[in-house]
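Since the structure comes first, as structure tokens, the remarks are kept for the end.
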Amino acid sequence: MPFRHRMVAAIAAAGAITTAGLAAAPVAGASTMSPPSFISRFLHIRTIMSTVPANGDVNPYGIFVIRQSTGHLHKGNVLISNFNNKHNLQGTGSTIVQISPSGHRTLFADIKASTLPGQCPGGVGLTTALEVLPGGWVVVGSTPSKNGMAATAKAGCLIVLNRNGKVAETFSGGGINGPWDAAMASYGRVVDLFVDNVLNGTVKANGAVVNGGTVLRLTLVLSRRHAPRLVSTTKIGSGFAEQTNATAFVLGPTGLGLGRYDTLYVADTQNSTITAIHHALVRPGSAGTGTTVTSGGKLNMPLGLAIAPNGDILTVNGGDGRLVETTPAGVQIAQRFLDRTPPPPIGAGALFGLAVAPHGSGIYYVDDDTNTLRLLH
């Protein structure tokens, strides 16, 4: 067995791959023997601050808690990518902001399409796909639109920035087509970056549902002096439902989270389902849409997804303002509203990215209704 596969197997077997005033209500039908939920310990919601930078970008999507200080990145701070510009046009946001737990916001990057060092079909519109690799390399997805409408959306790319917010390279083509969210695993100088894509036949279908959504595994090699090098791309998931939407821009596979035992969880937004792609780090081909973990229940168009310290799957609903906790066995053990903004349906469309706070002390999430970073703690 090659060294990389031996390392991956050992880490996966240990279940320890490095990734990314209220009461939690049990989900109806959950077994009384279900293990304690992660979210049940958190009783309060605190608004940290606005995510809007000086240029007026709104609609925060991606979120990542910085694990190590390097360059302009500060440990414990939160990076957030914006999908809309100041005119609220979707697929035109260009900024990444950094916010401290105490509420200090700085601009990490304002990415100009005209100065990108590589191909990015359509330009810049930053999505939920936001990861910080070892060494401080920041990867963000771009699914751009010319006028804020999905009809003009283009394939986009993945944009790689250095630790100081300067764009170093782009990854495009090779199956990258509307990169929507991301997750990663790292071991030594090798990183596997998982990215789902939502524009495979979607725009051409003009509002009809197409089963073209994919999940790619991009294997990168890191260097101290040079930008990450892409060495292989493997399609490990396919056939996910996608659809353009006047309000939500596009609906398709969204949240990704790498859990224990080499399992990648996918939030299938269109079908209100969480699926599992097994052997995600080593599989040589597509698992289709994977194995259904849970469907329906309190799930209502799940968008953002994160893995809790206890291995449970956390998702936020696009159809309402709800956070749902699901065990790997598929039991929805807890839920709570994070946003109750009117009009009905309550909190619809307000939630997107989420991330576990350091030491499991809470859950950071973005509220798109108010363009704020919030903390459930």
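Data overview
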| quantity | calculated |
| --- | --- |
| Relative packing of peptides 304-311, 268-275 - highest average C-beta neighbours within 10 Å first | 268-275, 304-311 |
| Built amide H within the under 5 Å cut-off of Asp181, gap 5+ | Ala129, Asp196 |
| Counted charge near Ser37, where neighbours are those whose Cβ lies closer than 11 Å (Asp, Glu -1; Lys, Arg +1) | 0 |
| Net charge of Cβ neighbours under 13 Å - reference Pro309; Lys, Arg +1; Asp, Glu -1 | 0 |
| Those trypsin sites (Lys or Arg not before Pro) in the range 284-377 that DSSP places in a loop and that have at most 14 other beta carbons within 10 Å | Arg340 |
| Using θ = phi - 60° and Karplus 6.51 cos²θ - 1.76 cosθ + 1.60, couplings along the range 223-238 (whole Hz; Gly, Pro as x) | 9, 5, 9, 10, 5, x, 10, 7, 10, 6, 10, 10, 7, 10, x, 7 |
| Efficiency of FRET between Ala329 and His377 - r from beta-carbon atoms, R0 30 angstrom, step 0.05 | 0.65 |
| Cut-off 11 Å between beta-carbons: net charge of the residues surrounding Gln68, Lys and Arg +1, Asp and Glu -1 | +3 |
| The chain: C-alpha gyration tensor shape, a/c 1.5 cut-off, then a/b vs b/c | rounded |
| 5 angstrom amide H check on Ile48, placed H, neighbours 5+ away | Leu373, Arg374, Leu375 |
| FRET efficiency, Ser361 to His74 (Cβ-Cβ, R0 22 Å, nearest 0.05) | 0.80 |
| Amide H contacts under 5 Å for Glu169, placed H, 5+ residues apart | Val160 |
| Residue-wise HN-Hα coupling along the range 89-98, computed from phi with Karplus coefficients 6.51, -1.76, 1.60 (Hz; x: Gly, Pro) | 8, 5, x, 10, x, 10, 10, 10, 10, 10 |
| Cross-link pairs Lys146/Lys166; Lys112/Lys204; Lys86/Lys298; Lys75/Lys112; Lys75/Lys166; Lys86/Lys166 - those with Cα-Cα distance over 29 Å | Lys86/Lys298 |
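Each value in this text was obtained by applying a stated rule to the coordinates, not by laboratory testing. Since the model is a prediction, treat every value here as computed from it, not as a measurement. Virtual Cβ from ideal backbone geometry, glycine too; neighbours counted across all protein chains shown.
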